[in-house]
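Undergrad: One structure is given below, represented as C-alpha cells, and several questions about it will come after.
The values are calculated or read from the model by the stated rules, or taken from the named source; none is laboratory data. This structure is a prediction, so every number in the text was calculated from the model and none was measured. Cβ coordinates were reconstructed from backbone atoms using ideal geometry, including for glycine residues, and neighbour counts include every protein chain displayed.
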C-alpha cells in the first residue's frame with residue numbers, strides 16, 4: 001500500500017508539474033482532457049483517486065506517454081555509472097541510458113595523440129553532431145577545412161560532411177551528443193560488462 005501511495009503521489013506531482021511547465025491553468029488542462037477543473041484539482045491534490053481512464057487523456061493532453069507518466073521513480077533511474085571503453089587513443093564514457101527517449105547518446109570522450117597519429121579517416125553518416133570542449137584543444141576536420149575548437153567552445157555540424165575530431169597539441173576531453181548514426185560511427189558497438 002505504501003508503494004502504491006508513493007507512486008500515486010509521483011503521478012500527481014508529474015501531472016501538476018507538466019501542467020505548470022506549459023503555463024496552463026486547471027481550466028486549460030481540463031478542457032484538453034475532457035475532465036472538469038474540480039476533478040483535475042482533486043486529482044492533483046490527492047483528494048481523488050486517479051483512474052486509468054483519466055490517465056490516458058491526461059498524458060495525451062500533456063504531450064507525454066502513459067508509460068512516462070507512471071514510470072517508477074528511484075535512484076537507479078537517476079544515477080548513471082559509466083564504464084570507460086578504450087580504443088586506440090580514445091576513451092569514452094557513455095553518460096546516457098540505452099534507448100533514450102529522444103534517440104540521442106551523450107558521451108564524454110578523451111582523445112590523445114595516439115588517435116591523432118593513427119590514420120583514422122573522416123566518417124560520414126546522416127544527422128548532426130554537437131560537442132563542447134572541456135579541456136585541451138580539438139582539431140575538427142570538416143571535409144577540406146580544419147577548425148580549432150578551444151575549451152569552453154562548442155561545435156555543431158552536419159555529419160554528411162566527412163568529419164574527424166582529434167587532439168591538437170595534447171590530450172583533449174569533450175562532451176558530445178550523438179544521434180543514432182553518430183553513436184555507431186564514433187563509439188562503435190558498446191560492449192556491456194558482465
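Undergrad: Have a look at 75, 67 and point out the one that is farther than 30 Å from residue 111 by Cβ and modelled with pLDDT under 85.
TA: Working: 67 fails: modelled with pLDDT under 85.
That would be 75, the only listed residue that is farther than 30 Å from residue 111 by Cβ and modelled with pLDDT under 85.
Undergrad: What residue, of 48, 97, 12, 42, is in contact with a helix residue (DSSP H, G or I) (Cβ under 9 Å, 6 or more places away or on another chain) and part of a helix (DSSP H, G or I)?
TA: Working: 48 fails: part of a helix (DSSP H, G or I); 97 fails: part of a helix (DSSP H, G or I); 42 fails: in contact with a helix residue (DSSP H, G or I) (Cβ under 9 Å, 6 or more places away or on another chain).
So the residue among 48, 97, 12, 42 that is in contact with a helix residue (DSSP H, G or I) (Cβ under 9 Å, 6 or more places away or on another chain) and part of a helix (DSSP H, G or I) is 12.
Yes/no per residue for (1) surrounded by fewer than 18 Cβ atoms within 10 Å (Cβ to Cβ); (2) at pLDDT 90 or above; (3) assigned by TED's automatic domain parsing to the domain that holds residue 115; (4) within 19 Å of residue 104 (Cα to Cα):
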site: 137; (1), (2), (3), (4): yes, yes, yes, no
site: 142; (1), (2), (3), (4): yes, yes, yes, no
site: 146; (1), (2), (3), (4): yes, yes, yes, no
site: 150; (1), (2), (3), (4): yes, yes, yes, no
site: 155; (1), (2), (3), (4): no, yes, yes, yes
site: 161; (1), (2), (3), (4): yes, yes, yes, no
site: 170; (1), (2), (3), (4): yes, yes, yes, no
site: 180; (1), (2), (3), (4): yes, no, yes, yes
